[in-house]
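Have a look at the structure below before the remarks.
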Amino acid sequence: MTKVSIVGGGNAGCISALYLSWFNKDLEVELTHNPDIPCERVGQATVLEPPQLFWASTGFNWYHNPIHATFKSGVLYEGWGHLNEEVYHGFPANGMAMHFCPSEMQKHVLNCGHFKVIENNILDVNNIDADYVFDCRGKPEDYSDYDELINPTNACILAQANWDTAKAYWSRHVATPDGWAFVIPTLKDSPSRSGGVGYCYNSNITSKEDAEKNMLDMFDVDITTHINYKNYVAKNPIIGDKIFLNGNRLFFLEPLESTAVQAYIECARYFVDYIITKKEPVEQAAHSAKQYIRQLQNFVLWHYQFGSKYDTPFWNYAKKLSFRDKTFDAMVEYCKQTTNRDILPKSFGGSTSSASQYGQWPANSFKIWHDGMTVTQDRNG
């Protein structure tokens with residue numbers, strides 16, 4: 001039996017172990033983590049597939065809720081663009097994404113019994129006794145082997161809301177003078193409530209003190225911590241043909257559009273396809289992972305190009321950032337020329353093939369954002 005060793009017990013390590021052990025019965029999976037490393041206390045959000053993975057593999061449901069999850073029916077963008085006060089990017093009515101608490105998810109997954117769990121602090125992944133290794137140890141100390149991802153933000157202030165955020169069934173992404181802020185619905189007793197609100201900005205444009213003041217002017221919160229970050233992707237997602245990078249060891253992209261958890265699943269899928277089938281060379285698996293992450297970068301960056309209700313240095317800078325991708329351009333042109341009905345997948349009565357997808361987004365997601373930025377919408381319609 002092929003043995004896969006996963007190093008790291010954060011979001012990416014747990015998701016990788018769950019995916020590999022549940023859907024690939026011919027793999028022997030073990031996860032090694034350092035219990036002394038605290039789990040992040042930021043509220044997490046997903047798209048549609050992760051709740052299905054938790055439900056199928058661990059028995060998670062909304063009544064027995066060990067990961068402190070709340071409903072996510074979509075994302076409400078407030079103050080983005082210049083035509084509409086709000087743009088709601090909703091999921092199909094037959095699906096529900098989630099917000100969850102990382103520390104509670106970690107406990108739940110590590111105790112699910114589908115794979116072996118080892119407590120140890122591994123500093124060198126090169127000499128692990130396994131056929132393959134998934135390196136999920138978090139952000140690197142040295143970025144010389146990484147490429148920059150284009151994004152206008154590089155810092156975030158985390159805070160705890162002084163109101164009941166769990167009453168909303170969607171994430172809020174609020175444009176601010178300095179960037180944007182997320183509001184994640186969290187349960188009152190959840191550890192992630194201390195990071196349920198985040199104010200993302202660019203520290204080269206706005207000082208930490210000014211960002212903090214502006215955040216407190218806009219939101220009734222208690223600030224808990226500050227984070228500086230880089231947006232990056234590994235030059236080589238696969239080292240040799242044995243070590244696969246995932247999670248923040250592979251990439252980091254700011255949280256707009258909540259891409260991270262789904263990306264961990266997708267990259268694990270690319271790598272497992274190589275491990276099991278070997279139909280394509282290892283270079284193709286690495287290329288697929290990097291291409292997917294670049295598509296995440298592009299779709300997120302597209303949001304900034306329409307500006308916001310604020311005419312500020314940040315937004316003037318963000319609007320000018322650009323990328324070139326013929327596939328992306330083709331998706332935008334397709335959404336411009338297709339009706340709201342026809343752009344839906346065939347399973348919903350539309351005419352779009354399920355293959356019409358870019359990164360995590362089907363064609364109708366492109367149309368929702370494009371029309372929200374370019375067409376005045378009747379909120380009562």
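The values are calculated or read from the model by the stated rules, or taken from the named source; none is laboratory data. Remember, it's a predicted structure, so these values are computed and weren't measured experimentally. Here the Cβ is made from the backbone with ideal geometry for all residues, glycine too, and neighbour counts use every protein chain on show.
All told, TYR88 falls short of being in a strand (DSSP E or B), in contact with a His (Cβ under 8 Å, 6 or more places away or on another chain) and of a type in the set (Phe, Trp, Tyr).
Candidates in the stretch 22-53 are the residues that are at pLDDT 95 or above and not in a loop (DSSP other than H, G, I, E, B); of these, the one that is surrounded by the fewest Cβ atoms within 10 Å (Cβ to Cβ) is GLU28. Filtered by the rule that a residue be without any contact (Cβ under 8 Å) to a residue 12 or more places away in the chain, of a type in the set (Lys, Arg) and part of a helix (DSSP H, G or I), the stretch 290-331 gives a lone residue, LYS326.
The residue that is nearest to SER194 (Cα to Cα), among those in the stretch 204-254 that are of a type in the set (Gly, Ala, Ser) and outside any loop (DSSP other than H, G, I, E, B), is ALA211. Residues of the stretch 269-314 that are farther than 22 Å from ASP131 by Cβ, of a type in the set (Lys, Arg) and assigned by TED's automatic domain parsing to the domain that holds CYS136: LYS290, ARG294. Checked against the criterion of being closer than 26 Å to VAL47 by Cα, surrounded by fewer than 19 Cβ atoms within 10 Å (Cβ to Cβ) and of a type in the set (A, V, I, L, M, F, W, C), the candidates PHE91, PHE100, PHE134 yield just one match: PHE91. So, VAL183, is that one of a type in the set (A, V, I, L, M), without any contact (Cβ under 8 Å) to a residue 60 or more places away in the chain, out of contact with any Cys (no Cβ under 9 Å at 6 or more places or on another chain) and over 20 Å from ASN228 (Cβ atoms) or not? Considered against the rule, which asks whether it is of a type in the set (A, V, I, L, M), without any contact (Cβ under 8 Å) to a residue 60 or more places away in the chain, out of contact with any Cys (no Cβ under 9 Å at 6 or more places or on another chain) and over 20 Å from ASN228 (Cβ atoms), VAL183 comes out as yes.
On the basis of being crowded, with 22+ Cβ neighbours inside 10 Å, touching a residue at least 40 places away in the same chain (Cβ under 8 Å), closer than 25 Å to GLN160 by Cα and out of contact with any Gly (no Cβ under 7 Å at 6 or more places or on another chain), does THR225 make the cut?
It is false that THR225 is crowded, with 22+ Cβ neighbours inside 10 Å, touching a residue at least 40 places away in the same chain (Cβ under 8 Å), closer than 25 Å to GLN160 by Cα and out of contact with any Gly (no Cβ under 7 Å at 6 or more places or on another chain).
Is the stretch 94-101 home to any residue that is among the aromatic types (Phe, Trp, Tyr), touching a Leu at 6+ places or on another chain (Cβ under 8 Å) and part of a strand (DSSP E or B)? No, that holds for no residue.
Within the stretch 145-165, count every residue that is of a type outside the set (S, T, N, Q) and either without any contact (Cβ under 8 Å) to a residue 40 or more places away in the chain or assigned to a strand (DSSP E or B) (or both).
The number of residues fulfilling the criteria is 10.
Checked across the stretch 231-249, the condition of being out of contact with any Asp or Glu (no Cβ under 9 Å at 6 or more places or on another chain) and either under 24 Å from GLN305 (Cβ atoms) or outside the structural domain of LEU53 (by TED's automatic domain parsing) (or both) holds for no residue.
Within the span defined as the stretch 260-268, every residue fails to be modelled with pLDDT of 95 or more, in a loop (DSSP other than H, G, I, E, B) and assigned by TED's automatic domain parsing to the domain that holds ASP124. When ARG294, ARG324 are checked against the criterion of being among the basic types (Lys, Arg), surrounded by 15 or more Cβ atoms within 10 Å (Cβ to Cβ) and out of contact with any Cys (no Cβ under 9 Å at 6 or more places or on another chain), a single residue qualifies: ARG294.
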